[in-house]
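S.K.: Pasting a structure here, questions to come.
The values are calculated or read from the model by the stated rules, or taken from the named source; none is laboratory data. Quantities reported herein were computed from a predicted structural model and do not represent experimental measurements. With ideal geometry, Cβ positions are generated from the backbone for all residues, glycine too; neighbour counts draw on all protein chains shown.
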C-alpha cells in the first residue's frame, strides 16, 4: 500500500523541483520541462490507485517522467537538426591525428581527477562544455550514458540509422567533451 | 595493429556495448604500447563519472513561483 504520508496534493511541492531539474537538463527548454512535470504529475494522480508501493513515490514519478521525456524525443524526432560532418568533429580528428591515425598531440595527464568532481568551478566548466555540443549529440549522450536507454531504443527515439552511427556519434561526443575539459580545466589546474 | 584513432573509437564503443573478443584483444595489445591511448581511455572513464555525478548534484534549478502556480492550476482543475 502506498504510504499515507504521501499525499498526491503535496507532490508538486515535494518533487516538482526535482522533476523539473531532471527534465530541463534533458530537453533544455523551460516551457517543455514545465509541461513534462505537469504531465508526469497528472499521470501520477491517475495511476496512483495502481501504484504498488514497491518503490518510493519519488522513484515512481521519476520513472513516469523518463517515459514522458522519451515520448517527447520520439514525437519531435523529425524536427531535430541532423548532425553535420563538422558536428562529428572531423576537424578535431584532423587536429589530433596524423594521416595514419596516430596521435599528433600529447594528451595531458589528468592528475587526481576525482578531486575535481566536487569542485563547483569544475562543474560549471563541465556544464559549459556540455552546452557547446550540438543538441542531438547531447540528447544521445544523456539518454545513453545517464539514463541507460538501450542503443536500439536510442536509434529509434533519436532517428539514427544504425547502431554503428550511434557508436561513432557517442565516441565523437566524448572526444569533444574530453578536449573541452582538457583545454578549459586541466591545462590550467 | 590498430591505429590510435581506431583504438579510441573501440574504447568508447566498449562503454556502450560488449566488444567482440578479437576487438578486445586488439585494443589491449595497442594499449600495452601506447601511453597516449591509455590516457585517453582513462579520461573517458572519468567523463562517465562526471556525467553521472552532475546528474545527481543538488541543483539550484527550481520551478519559478509562476510555473508552479500554472502547474497547480492545471493539475488540480482536472
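S.K.: Keeping to segment A:1-31, report how many residues are in contact with a helix residue (DSSP H, G or I) (Cβ under 8 Å, 6 or more places away or on another chain), under 20 Å from residue A:70 (Cβ atoms) and more than 12 Å from chain B (Cβ to nearest Cβ).
M.R.: 1
S.K.: Which ones in segment A:152-175 are surrounded by fewer than 19 Cβ atoms within 10 Å (Cβ to Cβ) and either in contact with a strand residue (DSSP E or B) (Cβ under 9 Å, 6 or more places away or on another chain) or in a helix (DSSP H, G or I) (or both)?
M.R.: Across segment A:152-175, the qualifying residues are A:152, A:153, A:155, A:156, A:163, A:164, A:165, A:168.
Here is a yes/no grid of residues against (1) more than 7 Å from every other protein chain (Cβ to nearest Cβ); (2) closer than 18 Å to residue A:113 by Cα:
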| residue | (1), (2) |
| --- | --- |
| B:12 | no, no |
| B:17 | no, no |
| B:28 | yes, no |
| B:35 | yes, yes |
| B:45 | yes, yes |
| B:61 | no, no |
| B:73 | yes, no |
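S.K.: I've got another one for you. Restricting to segment B:1-10, and then to whatever is facing chain A (nearest Cβ under 8 Å) and assigned to a helix (DSSP H, G or I), can you tell me which residue is surrounded by the fewest Cβ atoms within 10 Å (Cβ to Cβ)? Show your work before the answer.
M.R.: Looking only at segment B:1-10, we keep the residues that are facing chain A (nearest Cβ under 8 Å), and these are B:3-6, B:8-9.
When the remaining residues are screened for being assigned to a helix (DSSP H, G or I), the result is B:4-6, B:8-9.
Numbers: B:4: 20, B:5: 18, B:6: 16, B:8: 28, B:9: 21.
Only one residue fits best here, namely B:6.
S.K.: Filter the helices (runs of 4 or more DSSP H) completely within segment A:26-120 down to those with at least 1 residues that are surrounded by 14 or more Cβ atoms within 10 Å (Cβ to Cβ) and outside the structural domain of residue A:135 (by TED's automatic domain parsing). Even if it seems obvious, please write down each step before you answer.
M.R.: Working: elements: A:30-47, A:57-75, A:90-96.
Fully inside segment A:26-120 and qualifying: A:30-47, A:57-75.
S.K.: State yes or no: is residue A:53 at pLDDT below 85 and closer than 17 Å to residue A:7 by Cβ?
M.R.: So residue A:53 fits the description; yes.
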